[in-house]
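Notes to accompany the following structure.
The values are calculated or read from the model by the stated rules, or taken from the named source; none is laboratory data. No experiment lies behind these values; they were computed from the predicted model shown. For neighbour counting, all protein chains shown are included, and Cβ atoms are generated from backbone atoms with ideal geometry for every residue, glycine included. SASA here: full protein model, heavy atoms, side chains in, ligands and nucleic acids out. Shrake-Rupley method; radii C 1.70, N 1.55, O 1.52, S 1.80 Å.
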Amino acid sequence: MTPAPAPDYEFERLATLQGACRIVGVDEVGRGPLCGPVTAAAVWLNPAAIPQGLADSKRLGATARTRLFDTIMDSADVGIGHATPAEIDAINILQATYLAMHRAIAALQVPPDHLLIDGNRLPADLPCPAQAVIKGDGRVLSIAAASIIAKVTRDRIMAELDRRYPGYGWSENAGYPTKRHKNAIADLGLTPEHRRSFAPIRKILCP
């Protein structure tokens, strides 16, 4: 099996040639779990201090993700945003994802003038021109960095929630519908962190 190519700086370089100065990558994590927030990150990489080893967070082990998380936080401009389970239930997971992205972009120290966003659709009302990049976390360095920040941040939130609501295994499954998680829901019931609008939870509430 041929290894996937590493992300590069080509999208950022092309945006720079078109006049952009502050090019920010955006990614999210947590659309699929049954509980917890959806989390987005926005990252501007300093061209003079790009961390080595950036890759799609799903292709990295936990140790590498943590190391890169610390390096990115020390060398880049990073914004992080969340949408809560209640917001997900109120506006749906896609719109909640966009809300988390808007919050991440707004949390940057310096506003961007060009955005590179993972996926095939763009949120409405962005503050500057933007480009959607399919599978961007494996193609674009700043999106890869955002994927690492979002993943590590959300995993830490889920580990804290696991301590608050023990038994569901959220430190290991991050709220995804694993067998242990679904069995725990049957045995322990639902928590305030569960997404009531998601089909497996809705079936429990409305059998």
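For the structure I just gave you, tell me whether residue 96 is open to solvent by 60 Å² or more (accessible area, probe 1.4 Å), among the small types (Gly, Ala, Ser) and either at pLDDT 95 or above or farther than 16 Å from residue 45 by Cβ (or both).
For residue 96, the condition - open to solvent by 60 Å² or more (accessible area, probe 1.4 Å), among the small types (Gly, Ala, Ser) and either at pLDDT 95 or above or farther than 16 Å from residue 45 by Cβ (or both) - is not met.
Output the number of residues of region 163-179 satisfying the condition of being open to solvent by 80 Å² or more (accessible area, probe 1.4 Å), without any contact (Cβ under 8 Å) to a residue 24 or more places away in the chain and assigned to a loop (DSSP other than H, G, I, E, B). Spell out the reasoning first.
Taking region 163-179 as the starting set, the residues that turn out to be open to solvent by 80 Å² or more (accessible area, probe 1.4 Å) are 163-164, 166, 172, 176, 179.
If we keep only those that are without any contact (Cβ under 8 Å) to a residue 24 or more places away in the chain too, we end up with 163-164, 166, 172, 179.
In the following step, the residues that additionally are assigned to a loop (DSSP other than H, G, I, E, B) were identified as 166.
Residues meeting the conditions: 1.
Look through 139, 103, 195 and report the one residue that is surrounded by 20 or more Cβ atoms within 10 Å (Cβ to Cβ), within 30 Å of residue 52 (Cβ to Cβ) and in contact with a strand residue (DSSP E or B) (Cβ under 8 Å, 6 or more places away or on another chain). I'd like the intermediate steps shown before the answer.
Values: 103 fails: surrounded by 20 or more Cβ atoms within 10 Å (Cβ to Cβ); 195 fails: within 30 Å of residue 52 (Cβ to Cβ).
Result of the check over 139, 103, 195: 139.
Could you give every pair whose Cβ atoms fall below 9 Å, whose first residue belongs to region 119-136 and is over 17 Å from residue 21 (Cβ atoms), and whose second residue is in a loop (DSSP other than H, G, I, E, B) and of a type in the set (Gly, Ala, Ser), counting only separations of at least 6 or pairs across chains?
Pairs that qualify, where the first residue is over 17 Å from residue 21 (Cβ atoms) and the partner is in a loop (DSSP other than H, G, I, E, B) and of a type in the set (Gly, Ala, Ser), are 132/119; 133/119; 134/119; 135/119; 136/119.
Is one or more of the residues making up region 180-188 out of contact with any His (no Cβ under 8 Å at 6 or more places or on another chain), without any contact (Cβ under 8 Å) to a residue 12 or more places away in the chain and of a type in the set (S, T, N, Q)?
Within region 180-188 (the criterion being out of contact with any His (no Cβ under 8 Å at 6 or more places or on another chain), without any contact (Cβ under 8 Å) to a residue 12 or more places away in the chain and of a type in the set (S, T, N, Q)), the answer is yes, since at least one residue qualifies.
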